[in-house]
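Q: I am attaching a structure below and will ask some questions about it afterwards.
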Amino acid sequence: MRGTDTQVGIVGAGPAGLVLAHLLHDSGIESVVLELHDRAYVEARVRAGVLEQGTADLLDGIGVGDRMRSEGSVHRGVNLQFLGRRHRIALSELTGGKAITVYGQQEVVKDLIAARLAVGGELQFGVDSVGLESVDTDRPVISYRQAGHEHRLRCDVVVGCDGFHGCSRHAVPRLRTYERDYPFAWLGILAAVAPSTDELIYAFHDRGFALHSLRSPELSRLYLQVEPDEEIEAWPDGRIWEELQVRLASEGWTLAEGPVLEKGITALRSFVAEPMQHARLFLAGDAAHIVPATGAKGMNLAVADVVVLARALDTWYRTGREDELRAYSATCLRRVWRVQEFSMWMTMLMHRHGDAFTRRVQAASQAYVCESEAAARCLAESYVGAATL
Ligand code: APR
Ligand code: PHB
């Protein structure tokens, strides 16, 4: 048994855990990050890739924005397409100049891991059997196994950044959870073909939703609405491209096809756990909340949580004041429910679902967002900054 000490024990090396460790380091607060998987796995995991203005500014601010700036792309607009008619939402014009940055989440994770190791910060990969003990005391412990050895990490504070399937959330007594599962899923592909658009296209079609996103001048990221119990085996690459061609079709525009490098199906879910803290245990990111991917908010919300927590921990260590720490859950949940509202609204606007009445109401909302500057401004504000501004 090996026992070690630190100030903040962080479970999970996703965007939440890694940004938190970086912010704490900048405040001179020591932490240890414990990650279940190995580095290669964590850096290769393909996820979403839209950064709000506030997230991109933060990554710049903490000095991990160089590759994002050189390899990511700033988008000042986004396209909504309804039954083949494309409508551009001028994000920057409608928000006083704000924009999104498209840069894969795994690239953000790579940059954060490199920065963590460059400052000599402790980051343990390949840990398992993580257990949280004495979180009700002022010296909680994280027990874990690594390379066949048992370890006990004593901390002042434990932060669960271990995602939806992690263990931390289950250590919060009397946890209240709120859930909404959607009657559809997303089939996502990464394709080795130049993007056929320089701004995202969210498309509603009678056959279902489709999204054209991008990763680089050589790599496209695309999604299709499928049944929640769909099997990936039922979708050979040819069928995927056929369906994308139909759903994204628009006059005078062509979708280029190419080799599919990666494909997978993810469920769409809304989930919130309350409270996001219990004594010396704090939850951040997907460990506490999940949003459907339509609003592209998952990573931005995770980063927003840890910005609040890092600031509260800095105040606590510098002044002994606990008020910000005590308010952590309430502060975050206000934003979490705001982002849940936007993400659900965007999901119901863009996906094929419901009966004839629902379809009529949906068509009215789609028309309104195209015709009303106020509605477009509302969407733009939420899209560039609901989680971080
Ligand atoms: N012990 C240690 N690490 C764990 C454990 C565990 N028991 N369980 C999970 N982890 C690790 C996972 O391997 C993962 O690397 O915790 C990390 C959680 O990272 P994310 O799932 O990326 O969650 P978060 O940092 O909150 O970022 C949220 O990630 O999934 C996307 O769409 C989501 O964009 C959102 C973002
Ligand atoms: C992505 O680029 O992977 C992406 C973009 C927008 C979304 C979801 C995912 O809403």
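Q: Pick out, from ALA192, ALA330, SER134, the residue whose Cα sits farthest towards the positive end of the charge dipole of the chain, with +1 on the Cβ of Lys and Arg and -1 on the Cβ of Asp and Glu.
A: Going by the Cα projections, it comes out as ALA330.
Q: Round to the nearest 10 and report in Å² the accessible area of ASP206, as given by a 1.4 Å probe over the protein chains' heavy atoms.
A: So the heavy atoms of ASP206 present about 80 Å² to solvent.
Q: Can you sort ARG85, ARG139, ARG116 by 1.4 Å-probe accessible area, starting with the largest?
A: Result of the area sort, largest leading: ARG85, ARG139, ARG116.
Q: Per residue, how many Å² of accessible area does the chain show with a 1.4 Å probe?
A: The answer is 42 Å² per residue.
Q: Taking a probe of 1.4 angstrom, what is the accessible area of THR347 in Å², to the nearest 10?
A: 0
Q: Any idea how far the Cα center of the range 297-323 sits from the one of the range 165-183, in Å?
A: So the two Cα centres are separated by 21 Å.
Q: Where the accessible area of the chain is counted over protein heavy atoms with a 1.4 Å probe, how much of it, in %, is carbon and sulfur?
A: Within the chain, the accessible surface is 51 percent carbon and sulfur.
Q: Lysines near LYS98 by alpha-carbon distance under 22 Å, same-chain residues fewer than 8 away left out - which ones?
A: Result set, ordered by chain and number: LYS297.
Q: For THR315, what accessible surface area do you get with a 1.4 Å probe? Give it in Å², rounded to 10.
A: 10
Q: Sorted by packing (mean other beta-carbon atoms within 10 Å per residue), highest first, where do 213-224, 62-73 land?
A: Per-residue Cβ counts within 10 Å, averaged per peptide and sorted highest first, yield 213-224, 62-73.
Q: State to the nearest 20 debye the size of the charge dipole of the range 143-272 about its Cα centre, where the only charges are +1 on K and R beta carbons and -1 on D and E beta carbons.
A: Working: 14 positive and 20 negative charges, 191 e Å.
Dipole of the range 143-272, to the nearest 20 debye: 920 debye.
Q: While we're looking at this one, here's another question. Taking the Cα centre of the range 38-107 as origin, sum charge times position over the Cβ atoms of Lys and Arg (+1) and Asp and Glu (-1), and report the length of that vector in debye to the nearest 20.
A: About 420 debye.
Q: Can you grab the distance from the C-alpha centre of the range 210-246 to the C-alpha centre of the range 373-389, Å, no decimals?
A: Answer, in whole Å: 27.
Q: Nearest 10 degrees, 0 to 90: what angle lies between the long axis of helix 373-385 and the longest principal axis of the chain (Cα atoms)?
A: On a 0 to 90 degree scale, this one is about 30.
Q: In what sequence, largest accessible area first, do MET344, MET350 appear using a 1.4 Å probe?
A: Accessible-area ranking of MET344, MET350, largest first: MET344, MET350.
The values are calculated or read from the model by the stated rules, or taken from the named source; none is laboratory data. Because the structure is a prediction, the values reported are computed rather than measured. Note that we place each Cβ from the backbone using ideal geometry, even for glycine, and neighbour counts take in every protein chain shown. Accessible surface areas use protein heavy atoms only, side chains included; no ligands, DNA or RNA. Shrake-Rupley method; radii C 1.70, N 1.55, O 1.52, S 1.80 Å.
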